[in-house]
1. Among the listed residues ARG79, ARG55, which satisfies the condition of being without any contact (Cβ under 8 Å) to a residue 12 or more places away in the chain and more than 12 Å from the ligand (Cβ to nearest atom)?
2. Which one of these is of a type outside the set (A, V, I, L, M), more than 27 Å from TRP144 (Cα to Cα) and either open to solvent by less than 30 Å² (accessible area, probe 1.4 Å) or out of contact with any helix residue (DSSP H, G or I) (no Cβ under 7 Å at 6 or more places or on another chain) (or both): ASP320, ASP306?
3. How many residues does segment 117-159 hold that are in a loop (DSSP other than H, G, I, E, B), within 16 Å of the ligand (Cβ to nearest atom) and either in contact with a helix residue (DSSP H, G or I) (Cβ under 6 Å, 6 or more places away or on another chain) or not hydrophobic (A, V, I, L, M, F, W, C) (or both)?
4. May I ask you to say which residue of PHE64, PHE57 is touching a Lys or Arg at 6+ places or on another chain (Cβ under 7 Å) and not aliphatic (A, V, I, L, M)?
5. Could you check, for segment 59-73, whether at least one of its residues is of a type outside the set (D, E, K, R), free of Cβ contacts under 8 Å to residues at least 40 places away in the same chain and out of contact with any Phe, Trp or Tyr (no Cβ under 9 Å at 6 or more places or on another chain)?
6. Just the residues that are hydrophobic (A, V, I, L, M, F, W, C) and either crowded, with 22+ Cβ neighbours inside 10 Å or within 19 Å of the chain's Cα centre (by Cα) (or both), please, taken from segment 127-151.
7. Hey, can you tell me all the residues within segment 179-197 that are crowded, with 18+ Cβ neighbours inside 10 Å and farther than 30 Å from LEU229 by Cβ?
8. Does ARG138 count as farther than 21 Å from ARG79 by Cα and basic (Lys, Arg)?
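The values are calculated or read from the model by the stated rules, or taken from the named source; none is laboratory data. Please read all numbers here as calculations on a predicted model, not as lab measurements. Quick reminder, even Gly has a Cβ in these numbers, built from the backbone with ideal geometry, and neighbours come from all protein chains shown. When the accessible area is computed, the model is the full protein with side chains, heavy atoms only, and any ligands, DNA or RNA have been set aside. Shrake-Rupley method; radii C 1.70, N 1.55, O 1.52, S 1.80 Å.
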Amino acid sequence: LTGALGLAACGGRTETATAQPNPPRPLRETARCPIGTCVGTDHIGDPAWVALATRHFSQLTPEFEMKMEYVLQPDGSFRFDGGDRIVAFARANGQRLYGTTLIWYEQDPAAFHPLDGSGKRFADAYRSYILAIAGRYRGQVVGWDTVNEPVAEDGNGLRQCIWSRNLGQEDYIVRAFEHAAEADPNALLFLNEYNLEHLPRKQATFLKLVERLLSRGVPIGGLGTQSHLDISLKSGVLTQTIRRLGEFGLPIHVSELDISLKPHGFNLPVGDPLQRQADLVTELAEAFMALPQRQRFAFTAWGIRDRDSWLLRRPGGTGDRPLLFDEAGEPKAAFHALQRAVSA
Ligand code: 9MR
């Protein structure tokens with residue numbers, strides 16, 4: 001401390017803002033909101049991952065083991081082993097569990113193909129699926145991404161998919177919320193979307209959809225903004241997005257944060273990319289903390305260490321550093337930025 005004060009007194013760069021205890025204090029203890037990360041059963045077998053997850057994170061989202069792609073087998077049977085192991089891990093470590101995702105346009109399971117176009121049989125199977133999974137985890141999860149990514153990328157209406165084709169463009173969304181509420185009346189049911197900050201038309205369409213669903217009495221319990229960002233994002237956009245989403249008065253979930261240094265496989269020419277990444281985390285976290293406390297559902301990063309990120313598994317993704325901890329599990333500037341913004 002003396003050294004830091006001495007530096008500041010000499011007019012040098014003040015160290016008090018950047019010096020951090022090593023290791024940092026547990027984020028889950030200092031933060032004034034739940035802090036989440038995603039998890040897979042493979043992570044649970046990695047002691048270094050477990051140490052970071054249990055020290056800093058108070059909420060977990062299964063990265064894929066509660067999705068239809070995993071749960072629903074081609075013959076229509078269910079598989080819950082992965083989800084059950086994650087439930088047990090979260091409980092053993094005093095962490096909240098958040099489920100993703102009941103219905104997602106991107107999941108087009110073989111078990112539903114024979115029912116395509118069958119009317120009531122399709123609708124019955126849709127309800128049965130949601131009742132089965134949301135019923136299985138009733139009381140174990142605090143909430144669900146009930147419908148994921150409903151809006152077309154260009155903002156021109158809603159996505160076309162097997163669900164909209166069979167149940168109606170907007171009605172598949174309405175039914176998903178109704179069935180989920182029937183299965184688990186105490187779970188908070190979220191509508192989750194991405195690129196709301198990058199694409200103004202998509203944001204506008206999303207907001208109109210929320211308005212319409214609420215006016216139809218759909219039991220939406222919260223709004224998720226995934227926040228898959230990259231360092232080219234301009235300052236101010238995140239603040240505007242969180243403020244606008246918050247205007248409905250519903251709980252808000254920053255549900256899948258990562259900040260790529262190399263979107264589309266190319267490094268962006270930014271002076272200090274890790275500092276730019278940290279600055280965006282600061283903006284997002286400060287906007288989130290400016291919401292009333294009852295609206296701060298959780299602030300979730302989509303992974304812990306850079307190497308855990310789905311972005312590195314994509315073509316051109318090698319070498320990206322999108323998360324809060326580096327390869328060695330050391331906290332990055334982005335971690336410290338988050339801790340500063342959310343802690344008391
Ligand atoms: O990171 C997830 C990856 O491991 C899965 O293979 C993939 C498909 O289930 O989903 C990834 O997570 C996605 C999330 O569920 C929804 N928003 C985009 C995320 C990255 O693709």
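1. Answer to the check: ARG79.
2. ASP320
3. Qualifying residue count, segment 117-159: 4.
4. Only one candidate passes the filter, namely PHE57.
5. Within segment 59-73, one or more residues are of a type outside the set (D, E, K, R), free of Cβ contacts under 8 Å to residues at least 40 places away in the same chain and out of contact with any Phe, Trp or Tyr (no Cβ under 9 Å at 6 or more places or on another chain).
6. ILE130, ILE133, ALA134, VAL141, VAL142, TRP144, VAL147, VAL151
7. Of everything in segment 179-197, those that are crowded, with 18+ Cβ neighbours inside 10 Å and farther than 30 Å from LEU229 by Cβ turn out to be HIS179, ALA181, ALA183, ASP184.
8. no
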